[in-house]
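Structure first, commentary second.
The values are calculated or read from the model by the stated rules, or taken from the named source; none is laboratory data. Predicted, not measured: the structure shown is a model, and the values here were computed from it. Reconstructed Cβ throughout: ideal geometry from the backbone, glycine too, with neighbour counts over all protein chains shown. Surface accessibility is based on the protein's heavy atoms, side chains included, excluding ligands, DNA and RNA. Shrake-Rupley method; radii C 1.70, N 1.55, O 1.52, S 1.80 Å.
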Amino acid sequence: MKGGDEEVAAPAGPPQPLDWKFSQVFGERTAGEEIQEVDIISAIEFDKTGDHLATGDRGGRVVLFERTDAKDRGLSRRDLERTDYPISRHPEFRYKTEFQSHEPEFDYLKSLEIEEKINKIRWCQTANSALFLLSANDKTIKFWKVQEKKIKKISKIIADPSKAVGNGNVASSSNSNSPKSFLANGVSPDRSCNHLGNDISFPPGGLPSLCLPVVVTSQETNLVARCRRVYGHAHDYHINSISNNSDGETFISADDLRINLWNLEISNQSFNIVDLKPANMEDLTEVITSAEFHPAHCNMLAYSSSKGSIRLIDLRQSALCDSHAKLFEEPEAPGSRSFFTEIIASISDIKFAKDGRYILSRDYMTLKLWDINMDSGPVATFQVHEYLRPKLCDLYENDSIFDKFECCLSGDGLRVATGSYSNLFRVFGCAPGSTETTTLEASKNPMRTQVQSPSRPSRSLNSITRVVRRAETLGVDANGNSLDFTTKLLHLAWHPTENLIACVAANSLYMYYA
């Protein structure tokens, strides 16, 4: 009590775990259906509004989806907020359009085949109701404009040109001020119909009437994708990341050893801002695995490495950012080093939180949340694959240990998510005091394998037994023998403003809401 009259509000506890429900699926395959390699989805991204979703596949195609339930049937947002009844519609998307972004190529100088697979997609700022996005394969980045165009149709065929409408009266001169009569073939009666010039002659009475089409612009529209620019010949190694700058004018592209800065308007020139290539390639100790611009500060970007570190760099310091402003890495536990230590420490993906305060990173075993103001270590570590540690040798043999899982954060920053094997994905609560740990399956029944963890994943490795117990309830033993390593959920994205997750299982796109 305060002053005997006012109650002191109790501190708000952690948010309640979300109840995830199936929303939609696109491209669901039937039992026993063979998946074509070119149909496997390899990239996914929401735009900033969350009203559009883009996917790219191994066949070089980009497919766009648009949200349909956000249209409020004529009511303003304020009117909707004043309504007494809750709006219970869950997010719904529909197919919008698709286009071929990249084609397979061959580099004759290096005898290298460049596949058409889309590695990354990033949305750019919209303008004049047109959508803009960047798509990248291993070597080339393309800037696309997708816009609705009105369809022009042939409405009818005019047999008598004197009655033509729509595209002008072909029987009269548009520049003439006085009416002038013409014969059916367009020849003036005050000129001879028997000849025109020296070479062309007409029969008496002229020629029959010409049939002319009338083209009109209909109210129907068609989506047209047009490649505005191609940014190429700037990377010797495979592009693993592209990221838009908050200034709306520039973006970065990263490969294993270099990060280049581009202007969206200039396709034949880029600036190299990070270069890890040593004079002697035998001295190479780490490579760049992911890079992303800060969501608010146009001079800051972060990139991760195969050694498990994240470097934050400031473009104001120097043109070539050989030195970093901050380094984020977790000290190695004494006596824990093995042959697989560096492999499983390699970061496959990093994402900034919406406010830019936190960075989420994914390595093979864990998700880590970093505070950019604290470089001593992660503020939270979430165990994802700890129960696979005894199977690392087998995972190395079948190359599964090199799988690159992506990660994402919710728009409010209270939860994080990442994928796993057997088409599973995991959602963790990262708010202070949260114990939320949810495992879902990419299917129409996502809660089939969902288990709640009794306590919050901590920074220590003392949670191994808890993860093993959970693994046993999922139908696998401590070694993960029954997991299907051929079905892996690598790509997923969180809606920027709502609790909606879109995830990819091979050639199928699943959406879930809470």
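Find, among the trypsin sites (Lys or Arg not before Pro) in the range 97-126, those assigned to loop by DSSP (not H, G, I, E, B) with at most 15 other beta-carbon atoms within 10 angstrom. Show your work: numbers first, answer last.
Details: sites: K110, K117, K120, R122; in loops: K110, K117.
Qualifying residues, ordered by number: K110.
Taken as Cα centroids, the range 86-138 and the range 490-514 sit 17 Å apart, rounded to the nearest whole angstrom.
Carbon-plus-sulfur fraction of the accessible area of the range 333-426, 1.4 Å probe, in percent? In the range 333-426, the share of accessible area belonging to carbon and sulfur is 53 percent. When the listed pairs K150/K351; K351/K488; K139/K351 are checked against a 30 Å cut-off, the alpha-carbon distance exceeds it for K150/K351.
Distant-in-sequence amide contacts of N137, defined by a placed amide H-H separation under 5 Å and a gap of 5 or more residues or a different chain, comprise N119.
For the range 384-394, putting each phi into the Karplus relation 6.51 cos²θ - 1.76 cosθ + 1.60 with θ = phi - 60° gives couplings of 10, 10, 4, 5, 8, 4, x, 9, 4, 5, 5 Hz, in residue order, rounded to whole numbers and with x for Gly and Pro. For K149, the lysines whose Cα falls under 21 Å of its own Cα, not counting residues fewer than eight places away in the same chain, are K96.
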